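Working notes, beginning with the structure itself.
Derivation of every value follows stated rules applied to the coordinates shown; laboratory data play no part. Not measured: the values here are computed from a predicted model.
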């Protein structure tokens with residue numbers, strides 16, 4: 001065991017979500033974890049997806065195997081079963097065959113690092129079969145619901161109780177999980193930000209209208225309708241700003257229609273999906289970020305904004321309260337468009353007084369790849385010492 005602890009470990013990432021390079025956004029934060037861990041250990045990502053007409057047949061075909069940022073990324077596609085309720089067993093079979101193949105190749109993981117309890121459930125089954133310890137990072141907002149769906153909680157109970165350690169991405173998420181008496185051993189390990197990519201602008205912000213920025217999935221829980229109402233209030237008193245909405249999602253068309261109904265076409269621009277590189281460039285050119293979410297487990301865009309030296313107007317959620325003080329932004333009650341308009345109004349006049357270097361240093365010191373990679377390496381070492 002001591003010999004294993006003195007060299008890079010083999011870490012198998014088993015995520016419930018994972019992005020396809022430059023094409024999808026789901027699970028981008030998990031890819032950031034993988035990049036951070038790969039600084040100190042050998043990482044393979046094994047991601048199971050449902051087959052579509054253009055991904056080929058069979059649940060065990062290695063339809064995609066690529067190296068992204070030095071990380072071997074394997075995607076196994078499974079076909080949707082004609083038997084009701086048989087989808088999940090096919091996912092489990094796909095994971096089993098994928099892991100068995102890696103072991104046959106001579107690559108036996110030292111740790112299975114699952115992300116989100118649904119993948120954690122499968123990881124625990126692999127732990128029982130292959131005797132490999134499981135670390136579970138939890139990102140899901142399911143634990144913040146008043147009545148979580150029962151099938152999900154059954155999976156969550158097994159995953160969280162049997163994992164060697166559970167790593168919620170925020171203190172608030174950890175307390176929400178504990179409320180359901182799930183899990184035995186916890187350590188908060190946040191999401192990571194690429195602070196080499198997200199950094200303050202070298203030449204300041206270009207002159208012209210002040211640029212308010214929102215980045216995220218366009219869905220109701222992100223609170224964007226309240227943001228548009230707030231912009232409508234502001235548009236009645238000042239015209240020196242524009243709101244850029246970066247992202248896509250199921251609510252986009254309705255939000256575009258709402259923008260038209262409120263007469264805000266000159267104030268709001270829907271920019272669509274962007275790569276991380278494009279997001280960083282847009283963020284550096286913005287005045288500040290607005291995050292009006294109604295529910296969040298972490299809020300990675302807030303840290304990306306701080307890494308770029310940008311202050312934030314956000315809803316007063318416990319998870320945001322962990323990160324935002326008076327030197328980094330303004331908090332307002334969730335779902336209150338009048339309060340949100342007031343905070344944005346204040347920030348439009350005061351954003352230039354925040355200190356970019358201090359915000360960027362806070363992000364680097366707490367959320368950089370190096371910091372997160374070290375924290376996770378310590379977790380892995382501690383788990384291996386106790387088995």
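Radius of gyration (Cα atoms) of the range 107-209, expressed as a multiple of 2.2 N^0.38 Å: 1.40.
Of all DSSP-defined beta bridges confined to the chain, some 10% are antiparallel rather than parallel.
Convex hull volume of the Cα atoms of the range 196-341, normalised per residue: 107 Å³. The convex hull of the Cα atoms of the range 257-387, projected and averaged over all directions, covers 10.4 nm². Taking Cα atoms only, the orientation of helix 87-104 departs from the longest principal axis of the chain by about 60 degrees.
Counting every pair of alpha carbons in the chain, the share spaced more than 29 Å apart comes to 46 percent. So if I take the centroid of the Cα atoms in the range 152-203 and the same for the range 274-320, what is the distance between those two points in Å? First find each Cα centre; the distance between them is then 19 Å. Springs join every pair of Cα atoms under 10 Å in this Gaussian network model of the chain, and among 229, 240, 203 the largest mean-square fluctuation is at 203. When the Debye formula is applied to the Cα atoms of the range 152-216, each taken as the same point scatterer, what base-10 log of I(q)/I(0) results at q = 0.12, 0.25, 0.26 Å⁻¹? Reported log10 I(q)/I(0), two decimals: -0.54, -1.10, -1.14. Any idea what angle helix 337-350 forms with the longest principal axis of the chain, computed on alpha-carbon atoms, 0 to 90 degrees, nearest 10? Long axis of 337-350 versus the principal axis of the chain: about 70 degrees. The angle between the Cα long axis of helix 117-130 and the longest principal axis of the Cα atoms of the chain comes to about 20 degrees, rounded to the nearest 10.
For the range 262-327, the normalised intensity computed at q = 0.20 Å⁻¹ comes to -0.91 (log10 of I(q)/I(0), Debye sum over alpha carbons, equal scatterers, no solvent). When the Gaussian network model of the chain links Cα atoms closer than 10 Å, the mean-square fluctuations of 165, 245, 93 top out at 93. If you run the Gaussian network model on the chain, springs between alpha carbon atoms under 10 Å, then out of 326, 275, 73 the most flexible one is 326.
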